[in-house]
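> For reference, the structure I am asking about is given below.
The values are calculated or read from the model by the stated rules, or taken from the named source; none is laboratory data. Quick caveat: nothing in here was measured; it's all calculated off a predicted structure. Here Cβ is always computed from backbone atoms with ideal geometry, including for glycine, and neighbour counts include all displayed protein chains. Please note that ligands, DNA and RNA were not included when accessible areas were found on the heavy atoms of the full protein model with its side chains. Shrake-Rupley method; radii C 1.70, N 1.55, O 1.52, S 1.80 Å.
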Amino acid sequence: MISLDVNGKIYNIDVSPDTPLLWVIREHLELHGTKFGCGMAQCGACTVHIDGKARRSCQTRVKDAAGKKITTIEGIPEEHPVIKAWVEDEVPQCGYCQPGQIMSAVALLKENPEPTDNDIDNAMTGNLCRCGTYQRIRRSIHRASKMMAEGGKS
Ligand code: FES
Ligand code: FES
């Protein structure tokens with residue numbers, strides 16, 4: 001039995017310790033916001049936070065996430081500046097990559113509340129978007145940064 005803290009809730013799961021965390025999140029916990037893209041740490045669709053850092057859940061074994069704080073897209077509140085900025089800028093097209101994009105953006109702004117274009121490009125480089133929403137993502141991260149500076153919640 002492996003005990004996981006996901007979005008502040010404890011789950012005890014009977015699964016092989018080497019199972020990818022992504023499978024557990026989607027199949028066992030039925031949190032489907034986190035997406036399966038490449039399964040090889042190449043696309044970022046499966047990004048979650050582990051102890052506040054953006055991590056690829058397809059390449060994280062569940063045993064390595066035990067005892068840590070895991071946050072999925074479902075754990076990001078709607079009033080979070082990144083979510084608000086995403087809505088205002090109408091960032092998503094098909095939407096498939098967006099949970100992963102948002103998780104990376106939230107982690108970036110936590111570490112670097114006023115990122116430059118370059119900082120954003122570096123932090124977001126592992127999150128691919130087949131629809132090409134990169135310009136709006138960048139604009140939205142700046143917008144969220146401004147909201148946070150003006151007192152929005154992070
Ligand atoms: S599914 Fe994990 S990086 Fe693509
Ligand atoms: S919005 Fe379609 S893949 Fe990014």
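> For the structure I just gave you, tell me whether residue 137 is more than 27 Å from residue 6 (Cβ to Cβ), away from ligand 1 (no atom under 16 Å from the Cβ), at pLDDT 95 or above and aliphatic (A, V, I, L, M). Can you show your working first?
Values: more than 27 Å from residue 6 (Cβ to Cβ): no; away from ligand 1 (no atom under 16 Å from the Cβ): yes; at pLDDT 95 or above: yes; aliphatic (A, V, I, L, M): yes.
For residue 137, the condition - more than 27 Å from residue 6 (Cβ to Cβ), away from ligand 1 (no atom under 16 Å from the Cβ), at pLDDT 95 or above and aliphatic (A, V, I, L, M) - is not met.
> Every residue in region 65-82 that is in contact (Cβ under 8 Å) with a residue 24 or more places away in the chain and of a type outside the set (Val, Ile, Thr), please.
Looking only at region 65-82, we keep the residues that are in contact (Cβ under 8 Å) with a residue 24 or more places away in the chain, and these are 65-77, 79-82.
Selection gives 65, 66, 67, 68, 69, 74, 75, 77, 79, 80, 81.
> Need a quick list: strands (runs of 3 or more DSSP E) entirely within region 47-154 having at least 2 residues that are open to solvent by 20 Å² or more (accessible area, probe 1.4 Å) and closer than 21 Å to residue 35 by Cα.
On the way: elements: 47-50, 53-56, 69-71.
Correct list: 53-56, 69-71.
> Still on this structure, I have one more. For a quick check of your reading of the model, give me the residue pairs whose first member lies in region 122-138 and is within 14 Å of ligand 2 (Cβ to nearest atom), whose second is outside any helix (DSSP H, G or I) and hydroxyl-bearing (Ser, Thr, Tyr), with beta-carbon atoms closer than 7 Å and at least 6 apart or on different chains.
127/47
> Within region 11-46, how many residues are open to solvent by 70 Å² or more (accessible area, probe 1.4 Å) and either away from ligand 2 (no atom under 16 Å from the Cβ) or farther than 22 Å from residue 108 by Cβ (or both)?
Adding up the residues that qualify gives 10.
> May I pose another question? Looking at region 1-10, which of the residues that are more than 16 Å from residue 99 (Cβ to Cβ) and of a type in the set (A, V, I, L, M, F, W, C) is least open to solvent (accessible area, probe 1.4 Å)? Working first, answer last.
First, pick out the residues of region 1-10 that are more than 16 Å from residue 99 (Cβ to Cβ): 1-5, 8-10.
Those left that are additionally of a type in the set (A, V, I, L, M, F, W, C): 1-2, 4, 10.
Details: 1: 160, 2: 21, 4: 1, 10: 106 Å².
Per the stated criteria, the residue is 4.
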